[in-house]
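> Structure provided below as structure tokens; questions to follow.
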Amino acid sequence: MKKEDVPQDLSSLGKITKEVCYATDENGKYTTQLSKGWDVKITALDAAWDDIALRVEQARQKVLNNEASPLLFFMEKALMDISILAGYTGFWKWQISRHLKPGVFKVLSDKKLQRYAEVFNVSIADLKNMSVNET
């Protein structure tokens, strides 16, 4: 792609950051060029974020229906799976699987809840109530 052909489609990320692309200059040599965005990539990212929002809402409903503990909601919100959460908390994966059950979660000690709360950057009360401060 030539330097002047690097896409400059405006995206929400374009206001915050720019992507480095490789392009050829007028001498045919590769160089870097900043891009504000590209419609194809913007569409793909929007679809991915819509999917994430749906998964977060489905997790919220499972918690409200007493099918899962609030950990599921926070895991989806933070784009974590059990393995990642295990790495951050120090809990074994099988323990986190148990903690995802509402009955088990309700009897967890404050010490264990605090470990989760710290990972998700919320208070224990917010962890129990699925409250999120979006800042």
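> Taking the Cα centre as origin and putting +1 on Lys and Arg beta-carbons and -1 on Asp and Glu beta-carbons, what dipole magnitude results for the stretch 1-89, to the nearest 20 debye?
Values: 11 positive and 14 negative charges, 51 e Å.
With Lys and Arg at +1 and Asp and Glu at -1, about 240 debye.
> Sticking with this structure for a sec: So which helices of the chain fit the span-like rule, where a helix is a whole DSSP H run, its Cα atoms reach 20 Å or more along the axis, and its mean Kyte-Doolittle is at least -1.0? Write out the running numbers ahead of the final one.
Values: long enough: 39-64 (37 Å, -0.03).
Once both thresholds are applied, what remains is 39-64.
> Among TRP38, TRP92, what is the fewest-to-most ranking by other Cβ atoms within 10 Å?
On the way: TRP38 18, TRP92 11.
Going from least to most buried by this count: TRP92, TRP38.
> Another one. Taking the Cα of GLN61, stepping 7 Å toward and past its beta carbon, and measuring to each backbone N in the stretch 96-127: which are under 20 Å?
101-102
> May I ask you to compute the full-extension gain from ALA47 to SER109, defined as 0.36 nm times their residue separation minus their alpha-carbon distance, rounded to one decimal in nm?
On the way: separation 62, 0.36 × 62 = 22.32 nm, distance 3.88 nm.
Length difference between fully extended and current span is 18.4 nm.
> Further question on the same structure: Distance between Cα centroids, the stretch 1-75 to the stretch 97-131: provide it in whole Å.
Using only Cα atoms, the two centres lie 30 Å from each other.
> What ranking of SER131, SER109 emerges when the number of other C-beta atoms within 10 Å of each C-beta is taken as an exposure proxy, fewest first? Mind showing how you got there, number by number?
Details: SER131 11, SER109 8.
With the fewest neighbours first, SER131, SER109 line up as SER109, SER131.
> Most exposed first by the Cβ proxy, i.e. fewest other Cβ within 10 Å, how do LEU113, LEU54, LEU72 rank? Don't skip to the end; give the middle numbers.
Values: LEU113 19, LEU54 11, LEU72 22.
Least crowded to most crowded, the residues run LEU54, LEU113, LEU72.
Rule-based calculations on the coordinates, nothing more; no lab input. All values reported here derive from a predicted model rather than from experimental measurement. Positions of Cβ are generated from backbone atoms using ideal geometry, with glycine treated the same way; all protein chains shown enter the neighbour counts.
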